[in-house]
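Take a look at the structure below.
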Number of protein chains: 2
Amino acid sequence: MDGILAEVLRGDLVESVHAGAAVIADETGAVRLAIGDPEQPVFPRSTVKALLAIDLVAGGAAERLHLTAPELALACASHNGEPAHAETAARMLSRLDLAETCLECGAHWPTDAATARALAASGAQPGALHNNCSGKHAGLVCLACDDGHDPAGYISPEHPTMRRVTATLADITGVAHDSRNRGIDGCSIPTYAIPLRSLAQAFARFGTGAALDPDRAHACRTLREAVAAEPFMVAGTGRFDTIVTEVLGARAFVKMGAEGVMVASLPEQGLGIAIKVRDGGNRAAEVAMAALLARTLDTSRNCDQTLLETFMYPKLTNWRGIEVGSMRPAETLL
Amino acid sequence: MDGILAEVLRGDLVESVHAGAAVIADETGAVRLAIGDPEQPVFPRSTVKALLAIDLVAGGAAERLHLTAPELALACASHNGEPAHAETAARMLSRLDLAETCLECGAHWPTDAATARALAASGAQPGALHNNCSGKHAGLVCLACDDGHDPAGYISPEHPTMRRVTATLADITGVAHDSRNRGIDGCSIPTYAIPLRSLAQAFARFGTGAALDPDRAHACRTLREAVAAEPFMVAGTGRFDTIVTEVLGARAFVKMGAEGVMVASLPEQGLGIAIKVRDGGNRAAEVAMAALLARTLDTSRNCDQTLLETFMYPKLTNWRGIEVGSMRPAETLL
């Protein structure tokens, strides 16, 4: 049922192949392009962080707490744990006089290896603020407090804040979110398996506000604009999401998730894109996403085309910097 | 053409799937088990490091240079760059009064994240000795010098030392190694795409010495015994190859390679195993290899069965240590 998404070449020979599914859909769920089976359920993982932040903005909490654009972008982020990321998460919590200990995402060394080594060299240990999900968690804590709830236990499916944001997820994707399709994510909040087509549909809606009430539609726009204005916050140094957003700005919202999931929202086209690399390989999701962006966007601007081709056909170099291979998207994506 | 090798579950739902090929063959190349297409060529990458070390031992260089078991095991290794690994590579070079600068593998931070952080905390930078291939490269330099060649440029396919070890690779695999199937490996030496069945056949021969001249057969045995005696050297802390070898000892030689390739040699059974995860995912190669070892070895010893089941059905935990999923081999491997 899966299609080829990307190939890895060593010299001129194919060394590895990534298969999976990719779909482009509009806000009604109508499919404009499908590779593989668009109905197969996938765990969206971190791709839906922006959707989980809708309530933070739509209900007015963000405004009441004076959350800034970098902070809203961080709420949508899988960040590198670089100093600016950790500091921004801390600032979100400072609005409520809360500290890192209220975050229930767990700690891990910064995803960015150089940042992790610098942290180690300073003699420090990583905390929850360095967790790539700390912005999302800080946003959930902000929402819980603004709603008058005790934030403790906000990662549970039964906590009122988690129930609130999950209901929004169910609405925007059009798919029931309950114990039957629930798994636990890396940062301990629930993640719900939904058809890939529904994920693409949700991001078409995220881009246009179509089928959403005005408050949510406005929140989606605010979040997209925050990420477009602060692309570093959504990922970080050297990362696909940050680099692509730096060039495309508000024309495309792109977001990776663990296990080879990736989404994009194209407001001008009214379309959403969702990709699942079946083996979980994020490198192939980036190649496939670059190809689908190049296909769908008006890339007549030279800088767009150059950027997207860089990600569509990445060169692979070895430890001496010698070019040893490359990647390329499947022809069906072109 | 590929078969399923392993699945990744989040809760009870399949999140990701790895496909590829696996083959068990004897020293004649006769296939005992095949999943997917055993004839499809793959780059063996680091799986053939032990085969590249045959000439170092067979020609007497190892003996003349008084190379020890840890040093021979390191010549077969993709190591973590832990202090003992780097020190052992340096000791190999000290036999010839050579320093790290003669290694042409390039430098990278130790693969083991904790080791990399400790190195950074010490204020040091990584060198070629930390490269996971430094033992192989030190072995090639030793061989070159013992043969009376200038080691400079030993990574080139045209260097006499590289020609010598490549001829041995061609002999033991039974496949021509030339510019048509050549790629460049991560550490800059050539790697040659060969049928997966030929790779398994080569490791059947490596385990028994069948079809090899007495010097090479003896060298294979010496190398297997060195790795069995020094399992830490072949990989390092927490690594599959090291942990499995610690329990199975000389009953199985196992070796991972980049891009989801893995081999094993089972001397008592006269068999070789070769696996290629098509997408390059090493996690699936480990699960599949554990299943094929459990199937093929006499695992009546309780400790073997327990160990192999740990690797066949690894638990996946998140940043808070909560169990969120697991992996399992395809039923066809059981």
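Here are the numbers for the structure shown:
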read-out: Computed lengthening from B:Ala114 to B:Ala250, 0.36 nm per intervening residue step minus Cα-Cα distance; value: 46.0 nm
read-out: Mean-position separation - Cα centroids, segment A:277-329 and segment A:208-240, in angstrom; value: 23 Å
read-out: Charge context of B:Pro151, other residues only, Cβ under 15 angstrom, K/R +1, D/E -1; value: -4
read-out: C-alpha long axis of helix A:302-312 to longest principal axis of chain A, angle in °; value: 80 degrees
read-out: Within the protein assembly as shown, helix-based [θ] at 222 nm, where runs of 4 or more DSSP H residues each add -39,500 (n - 2.57), nearest 500; value: -12000 deg cm²/dmol
read-out: Ordering of A:108-114, B:240-246 by packing [mean C-beta count within 10 Å, highest first]; value: B:240-246, A:108-114
read-out: Space enclosed by the convex hull of the alpha-carbon atoms of segment B:3-333, per residue, Å³; value: 123 Å³
read-out: Cα long-axis angle, helix B:134-146 against chain B (0 to 90 degrees, to the nearest 10); value: 30 degrees
read-out: Packing-based ranking, highest mean first, of A:284-291, A:180-187 given that Cβ atoms within 10 Å are counted; value: A:284-291, A:180-187
read-out: Residue-averaged beta-carbon neighbours from other chains (10 angstrom radius) around A:311-319; value: 3
read-out: Using a Förster distance of 25 Å, the FRET efficiency for B:Ala121-B:Ser94 (Cβ separation, nearest 0.05); value: 0.40
read-out: Local electrostatic count at A:Ala50 - Lys and Arg +1, Asp and Glu -1, tallied over other residues with Cβ under 9 Å; value: +3
read-out: Peptide B:184-190, shielding by other chains (average Cβ, 10 Å cutoff); value: 5
read-out: Exam field: B:His66 pseudo-label spacings to other copies (7 Å along Cα-Cβ), nanometres; value: 7.3
read-out: Unpartnered cysteines - no second Cys beta carbon under 4.7 Å - across the protein assembly as shown; value: A:Cys76, A:Cys102, A:Cys142, A:Cys145, A:Cys220, A:Cys303, B:Cys76, B:Cys102, B:Cys142, B:Cys145, B:Cys220, B:Cys303
read-out: By average C-beta atoms within 10 angstrom, highest first, the peptides B:52-60, B:274-282, A:150-158; value: B:274-282, B:52-60, A:150-158
read-out: Pseudo-label separations to other copies for A:Leu13 - Cα-to-Cβ vector, 7 Å, nm; value: 4.0
read-out: For A:Asp97, label point 7 Å along C-beta direction: distances to other copies, nm; value: 7.3
read-out: Neighbour net charge for B:Val17 - beta-carbon separation under 14 angstrom, K R +1, D E -1; value: -3
read-out: Prolate/oblate/rounded label for the protein assembly as shown (Cα gyration tensor, a/c 1.5); value: prolate
read-out: Above-threshold pairs, the threshold being 21 Å between Cα atoms, out of A:Lys255/B:Lys276; A:Lys49/A:Lys276; B:Lys136/B:Lys315; value: A:Lys255/B:Lys276; B:Lys136/B:Lys315
read-out: Cα-based helix-to-principal-axis angle, A:83-94 vs chain A, degrees rounded to 10; value: 30 degrees
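Coordinate-derived values only; no laboratory data. Because the structure is a prediction, the values reported are computed rather than measured. Glycine also receives a Cβ, built like all others from the backbone with ideal geometry; neighbour counts cover every protein chain displayed.
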